[in-house]
DNA sequence: ACCTGAACACCGTTCAAGT
DNA sequence: ACCTGAACACCGTTCAAGT
């Protein structure tokens, strides 16, 4: 049983090194400058030509997906642990918070994911993340509905989108922590009476 | 009593014509290509050099604000009419819908407005729109709270941001009408029980 | 097989020269 | 007073030439 990261044929050492260096530098640039940061600058900082970056990652979303891979699997694992909670309402709440944190990692991270949802293109490297997270959100919502902790007539996809839009507001920097807390409350309890 | 559009000193005819033409073309480009559309292309389509566009509108947000001016005043007027409704809960709902529609006009319109909120710069040409709309939202919310149609512990600014984020999702095209309706329901009544 | 970096196309923005 | 458009800086992306 071979690991997914190490293919059968051995790779040239510089290829592995370049790829790792690009990912490391890209992570820093995404964090500092947001998702729209200059890929040319990333390549230069990583000490490779732009062609090398594009060879490894054919487009921005591919690079983004690779940079996020570790965080992504962490989130999926957290979802599995939260599935064991007895209070399914609390599990749903905590899950939505985790999704929100994930999409708040870099400025503008929500947008390419919404594009992935719109395009419905399974080749979009961010599509799998969306599919997995929407699916998990559905599970949490269904469990909460079964236990009378969530209303009917809502889809997991809806709550995924809601968490996403909270992350979008947070990452723009226009919304402080207190406002985020209130907005979460509005999502959970509504503004109406 | 002179109209705001016609200053005391008469302007050269070509200046007036250029400005009007730029606004007309920009509106079409914003509609077709979103807020991030190429200003160079707008200038070319309007038959002026890029310098002329920048002379009239020093930056993208200034052009955007001018293009939206008519819609903006329409929205403010609608707010005044809605203020006469007896059912303050219904007035709040309709107002939030109108705000949502406003920010759905062009793809990406929500984002520069959130930036205006973050920057807290009164010179930002979009700041006045945000201030006015937040202020109006507060009035509607307060009235609804007084009549027992809205919960306490929420700010008008919160609901303005919520409407804005709905518009953001709509304008990305990832969210269809049915989903938008459900998300509005979540905002009003919450997903929890 | 992989990398390099020049090259192309495009855009935002400024400003010297025109009228 | 206003307009023009060349010019500069920057970026995404490709691809012929190298190793």
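The values are calculated or read from the model by the stated rules, or taken from the named source; none is laboratory data. Source: prediction; values computed, not measured. Cβ sites come from the backbone with ideal geometry, for glycine too, and all protein chains shown count toward neighbours.
Just to be sure, is residue A:165 within 7 Å of chain B (Cβ to nearest Cβ) and crowded, with 21+ Cβ neighbours inside 10 Å? Criteria met by residue A:165. The set of residues in region A:99-111 being within 10 Å of the chain's Cα centre (by Cα) and either at pLDDT below 95 or in a helix (DSSP H, G or I) (or both) consists of A:99, A:100, A:101, A:102, A:103, A:110. Among the residues of region A:25-34, some residue qualifies, meaning at least one is within 13 Å of DNA strand D (Cβ to nearest atom) and either touching a strand residue (DSSP E or B) at 6+ places or on another chain (Cβ under 8 Å) or at positive phi (or both). Checking B:126, B:92 one by one, the residue that is under 23 Å from residue A:110 (Cβ atoms) and either within 9 Å of chain A (Cβ to nearest Cβ) or in contact (Cβ under 8 Å) with a residue 12 or more places away in the chain (or both) is B:126 and no other. Taking each residue of region B:14-30 that is without any contact (Cβ under 8 Å) to a residue 24 or more places away in the chain and looking for partners that are crowded, with 20+ Cβ neighbours inside 10 Å and part of a helix (DSSP H, G or I) with beta-carbon atoms closer than 7 Å, six or more apart or interchain, yields B:25/B:42; B:25/B:46; B:29/B:42. Evaluated against (1) free of Cβ contacts under 8 Å to residues at least 24 places away in the same chain; (2) within 11 Å of another protein chain (Cβ to nearest Cβ); (3) within 21 Å of residue B:71 (Cβ to Cβ), residue B:182 falls short on exactly one condition, (3). For region A:168-179, the set of residues classified as in a loop (DSSP other than H, G, I, E, B) and more than 7 Å from every other protein chain (Cβ to nearest Cβ) consists of A:176 only. Look at (1) free of Cβ contacts under 8 Å to residues at least 60 places away in the same chain; (2) surrounded by fewer than 17 Cβ atoms within 10 Å (Cβ to Cβ); (3) more than 11 Å from every other protein chain (Cβ to nearest Cβ) and you find that residue B:105 fails only one, number (1). Restricting region A:56-89 to residues that are within 16 Å of DNA strand D (Cβ to nearest atom) and surrounded by fewer than 14 Cβ atoms within 10 Å (Cβ to Cβ) leaves a set whose member that is nearest to the other protein chains (Cβ to nearest Cβ) is A:59. Candidates in region B:131-158 are the residues that are in contact with a strand residue (DSSP E or B) (Cβ under 9 Å, 6 or more places away or on another chain) and either facing chain A (nearest Cβ under 7 Å) or not in a helix (DSSP H, G or I) (or both); of these, the one that is nearest to residue B:106 (Cα to Cα) is B:150.
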